[in-house]
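Rule-based calculations on the coordinates, nothing more; no lab input. Here the structure is a predicted model, which means the values were calculated and not measured. Using ideal geometry, Cβ is built from the backbone for each residue, glycine included, and neighbour counts are taken over all protein chains shown.
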Amino acid sequence: MEDPLIEVIMGKKELTILTNDPSLTAWGWAVIRNDNVIDGGCIETHPTAKTNRIRKGDDRVRRIHEINIELLRIINANNVNLLISELPHGSQNANAAMMVGITADKVQTIGDCLNIPVEWYSEADAKKHIIGTKKITKDDMIQKIDQLYSIQWLGSKVRDSGLADAIAIYHVAKAYSPLINFYLK
């Protein structure tokens, strides 16, 4: 199988990045080409096991499927050839730990199945790189990203926060990724 980035390196194809702030509830994402945000959004899913009277596991699989379908649509529509993502970390309970595993697995599996490289960055590194400290509010992150990039905001704090965090991951990747640095120079 050919390396999907050879054409990018050889200058035959543009580098198109899908950057992610993964979450089962509000998955922030942005597509970036030539250091410009060309699309962005937030994939929201909500648990409905109780109202639909189904098992929690079945409902979780439904939510995973909804995110998969939307991510694949975004990747195909934009000819994405690099995935970058926040690496989920920590959890306060068993359910949260399961969600961390699901969201990290989702990005890596899509990358592996589509032969798209994946780079991982930490939330703390993104915050420190953007603001200079790891302690930052969601509103502060949205405001800082708004200063750095031209964004079409989504109109709700949850969705705007997911989008801002996805772009913050791109911003830190831009500083540390050899591939992105090679392409932008």
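I'm checking a number: the convex hull volume of the Cα atoms of the chain, normalised per residue, in Å³. What is it?
Expressed per residue, the convex hull around the Cα atoms of the chain is 124 Å³.
Can you sort V118, V37 so the residue with the fewest Cβ neighbours within 10 Å comes first?
V118, V37
Can you list the residues, at least 5 places off or on another chain, whose amide H is less than 5 Å from the amide H of E119, using H built in the peptide plane?
Amide H neighbours of E119: L83, I84, S85.
By count of other Cβ within 10 Å, fewest leading, how are R33, R63 ordered? Present the calculation step by step, with values, prior to reporting the outcome.
Values: R33 15, R63 21.
Exposure proxy ranking, most exposed first: R33, R63.
Under the Karplus relation 6.51 cos²θ - 1.76 cosθ + 1.60, θ = phi - 60°, what is the ordered set of whole-Hz ³J(HN,Hα) values for segment 13-22, x standing for Gly and Pro?
Using θ = phi - 60°, the values come out as 8, 6, 7, 10, 10, 9, 9, 10, 10, x Hz.
Want the number for H46 to K13: 0.36 nm per residue separation, take away the alpha-carbon distance, what's left?
Values: separation 33, 0.36 × 33 = 11.88 nm, distance 3.74 nm.
Gain on stretching H46 to K13: 8.1 nm.
I'd like the FRET efficiency for K185 and T109, computed as 1/(1 + (r/R0)^6) with the beta carbon distance as r and R0 of 45 Å, rounded to 0.05. Spell out each step's value before the answer.
Numbers: r = 31 Å, r/R0 = 0.70.
Given R0 = 45 Å and the Cβ-Cβ separation, E is 0.90.
Restricting to DSSP H runs of at least four residues, report the calculated mean residue ellipticity at 222 nm for the chain, -39500 (n - 2.57) per run over all residues, nearest 500 deg cm²/dmol.
-16500 deg cm²/dmol
Using the structure shown, list the pairs from K134/K174; K135/K157; K138/K185; K13/K128; K127/K157; K13/K174 with a Cα-Cα distance above 21 Å, or answer none.
Details: K134/K174 18 Å; K135/K157 18 Å; K138/K185 31 Å; K13/K128 32 Å; K127/K157 18 Å; K13/K174 19 Å.
Listed pairs above 21 Å: K138/K185; K13/K128.
What FRET efficiency comes out for N78 versus S150 if R0 is 25 angstrom and r is the Cβ-Cβ distance? Round to the nearest 0.05.
0.90
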